[in-house]
1. Just the residues that are more than 20 Å from residue 166 (Cβ to Cβ) and without any contact (Cβ under 8 Å) to a residue 40 or more places away in the chain, please, taken from region 108-141.
2. Spot the failing condition for residue 18; the list is (1) surrounded by 19 or more Cβ atoms within 10 Å (Cβ to Cβ); (2) modelled with pLDDT of 95 or more, and only one is missed.
3. Of everything in region 32-55, what is assigned to a strand (DSSP E or B), buried (at least 19 other Cβ atoms within 10 Å of the Cβ) and touching a helix residue (DSSP H, G or I) at 6+ places or on another chain (Cβ under 8 Å)? Give them in sequence order.
4. Given the conditions (1) over 13 Å from residue 58 (Cα atoms); (2) buried (at least 22 other Cβ atoms within 10 Å of the Cβ), report the number of the one that residue 141 does not fulfil.
5. Could you say which residue among 91, 68 is surrounded by fewer than 16 Cβ atoms within 10 Å (Cβ to Cβ) and touching a strand residue (DSSP E or B) at 6+ places or on another chain (Cβ under 8 Å)?
6. For region 144-163, indicate whether the set of residues that are closer than 22 Å to residue 37 by Cα and surrounded by fewer than 20 Cβ atoms within 10 Å (Cβ to Cβ) is non-empty.
7. For region 120-142, name all the residues that are more than 16 Å from the chain's Cα centre (by Cα) and closer than 16 Å to residue 195 by Cα.
8. Of the residues that make up region 21-28, is at least one surrounded by fewer than 16 Cβ atoms within 10 Å (Cβ to Cβ), modelled with pLDDT of 95 or more, out of contact with any strand residue (DSSP E or B) (no Cβ under 9 Å at 6 or more places or on another chain) and not in a strand (DSSP E or B)?
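The values are calculated or read from the model by the stated rules, or taken from the named source; none is laboratory data. Quantities reported herein were computed from a predicted structural model and do not represent experimental measurements. Here Cβ is always computed from backbone atoms with ideal geometry, including for glycine, and neighbour counts include all displayed protein chains.
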C-alpha cells in the first residue's frame, strides 16, 4: 500500500464540480493537505465519524512522485511522475462548510483510500476517473476536462513545496459527489488502478 510522506490535494479543478457546490472556479490551483494517517487501501473500511452527518466520496486521479521535484517546469514535472493511482478524497462536507478551512473535514483516519499504483500513460489527458457507489456510476471524467492540467499542477505545487518520491498529488474531483451511508460500497477506478471500500459507522 502507498505510504506517502505528504498528500497534496487540489480543490475545484473541474468546473462542473465547483458549480455543483456553488463555488467559483479558482484563478490558480487551490491546494490543501491530507495527513498520511488518513491513507487506507482497498478492502479497508471508510469509517464515518460521529462528528459528521454528511460524509461524501470524491473520486480522483492520484499522481505518485517517482523522483524529487523542486521548482520544476511542466516538462520536468512529467519526468517526475512515477505512477498513477485511484484515490478517494473522502470529505465531511458539513464540517468543511462549518470550519472554513478543510483540515478536519478532509483529515479523519480512513479518509484517503488509495489504489494500486499503475504506470502513467504517455498522454495524461486520456486518464479517466470513474466512481461507482453500490455498482452504479456516480462520477466519470477525463483529465482533459481539468481546469489545470496535471503537469501544471505539479509545477505549481513544486514552487511552493518540494515534492519527494512517494508523495501523492490528488488532482481534483469531477461533478457527482454524494453522501456515503453505512454499508455503501464505493469504488474508484483510474487507468487500471482500483480502490474499493465499504463505509461503516464509527
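1. 122, 123, 125, 126, 136, 137, 140
2. Of (1) surrounded by 19 or more Cβ atoms within 10 Å (Cβ to Cβ); (2) modelled with pLDDT of 95 or more, only one is false for residue 18: (2).
3. 34, 55
4. (1)
5. Values: 91 fails: surrounded by fewer than 16 Cβ atoms within 10 Å (Cβ to Cβ).
Just a single option satisfies the conditions, and that option is 68.
6. Yes: one or more hits.
7. Answer for region 120-142, where residues must be more than 16 Å from the chain's Cα centre (by Cα) and closer than 16 Å to residue 195 by Cα: 133, 134, 135, 136, 137.
8. Yes, region 21-28 has at least one match.
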